[in-house]
Amino acid sequence: MTVASPPRHRRSTYRRPPATVTAIGVLLPLLVIGALQGGMAMVMDPMHPMGMTTDYLEGAPVHTYFWPGWFLLGIAAASIVTTVGLFSNWQWHWARGIEETVGYRWPWIGAVSIGIVLLTFEVIELFVVPFHPVMHPLLIATSLSILGLAVTPSARRRLAVRR
């Protein structure tokens, strides 16, 4: 009599991402929620989104919220794509040259870029529009957190280009 051996399970090649990458993957979707809400409100009602008036834009190079709304929608789209890239092995052939030059996969480049662009936008905005006691500090903290987490050794190791 032959005894059947238990089925062999293939070892999964999935490795849990480090906490730093997971934290980026939490911050980006939170940014998406706010950017989608604000961006859609600004594009749909560029004169009075969410009750704001264009008086806030007095020193800005724009006179309505239409273009800032599109900026926020762009941040939301980039954040969604970057979040998916953080947790998948999504490869873009066109990005391969950039990845090899920089030494990191495109989601790392995306996270750093989102952090830099958002931080730059918010710092410039501080000098152009009246200070908002919640949104400005919150978005500056978010952008600095994304940048800080992306440059940690664990995130860089996880998102480094494998040669």
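The values are calculated or read from the model by the stated rules, or taken from the named source; none is laboratory data. Just so it is clear, the structure is predicted and the values come from calculations on it, not from any experiment. Here the Cβ is made from the backbone with ideal geometry for all residues, glycine too, and neighbour counts use every protein chain on show.
Worth pointing out:
- When we screen A60, A77 for residues that are assigned to a loop (DSSP other than H, G, I, E, B) and either within 21 Å of S143 (Cβ to Cβ) or modelled with pLDDT of 95 or more (or both), the only hit is A60.
The rows are residues; the columns are (1) aliphatic (A, V, I, L, M); (2) within 20 Å of I140 (Cβ to Cβ); (3) in a helix (DSSP H, G or I); (4) touching a strand residue (DSSP E or B) at 6+ places or on another chain (Cβ under 8 Å).
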{"site": "T22", "(1), (2), (3), (4)": "no, no, yes, no"}
{"site": "P29", "(1), (2), (3), (4)": "no, yes, yes, no"}
{"site": "I33", "(1), (2), (3), (4)": "yes, yes, yes, no"}
{"site": "G38", "(1), (2), (3), (4)": "no, yes, yes, no"}
{"site": "A41", "(1), (2), (3), (4)": "yes, no, yes, no"}
{"site": "D55", "(1), (2), (3), (4)": "no, no, yes, no"}
{"site": "W70", "(1), (2), (3), (4)": "no, no, yes, no"}
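- Out of H136, H132, one residue alone is at pLDDT below 95, of a type outside the set (A, V, I, L, M, F, W, C) and either touching a Ser or Thr at 6+ places or on another chain (Cβ under 6 Å) or in a helix (DSSP H, G or I) (or both). It is H136.
- Of all the listed residues (T82, T64), the sole one being in contact with a Pro (Cβ under 8 Å, 6 or more places away or on another chain), under 24 Å from M50 (Cα atoms) and not aromatic (F, W, Y) is T64.
- Counting residues in region 1-14 that are modelled with pLDDT under 95, in a loop (DSSP other than H, G, I, E, B) and under 24 Å from S143 (Cβ atoms) gives zero.
- Among the residues of region 63-92, those identified as within 16 Å of V21 (Cα to Cα) and either in contact (Cβ under 8 Å) with a residue 40 or more places away in the chain or among the acidic types (D, E) (or both) are S79, I80, T82, T83, L86, F87.
- Some residue of region 106-116 being outside any helix (DSSP H, G or I), touching an Asp or Glu at 6+ places or on another chain (Cβ under 9 Å) and within 19 Å of L147 (Cα to Cα): no
- Screening the candidates E99, E122 for the property of being part of a helix (DSSP H, G or I) and over 25 Å from P18 (Cα atoms) yields one hit, E122.
- Unmet criterion (only one of (1) surrounded by fewer than 16 Cβ atoms within 10 Å (Cβ to Cβ); (2) touching a residue at least 60 places away in the same chain (Cβ under 8 Å); (3) within 23 Å of L126 (Cβ to Cβ); (4) more than 12 Å from the chain's Cα centre (by Cα)) for A60: (1)
- Yes/no for V84 being surrounded by 15 or more Cβ atoms within 10 Å (Cβ to Cβ), of a type outside the set (K, R) and under 17 Å from the mean Cα position of the chain (by Cα): no
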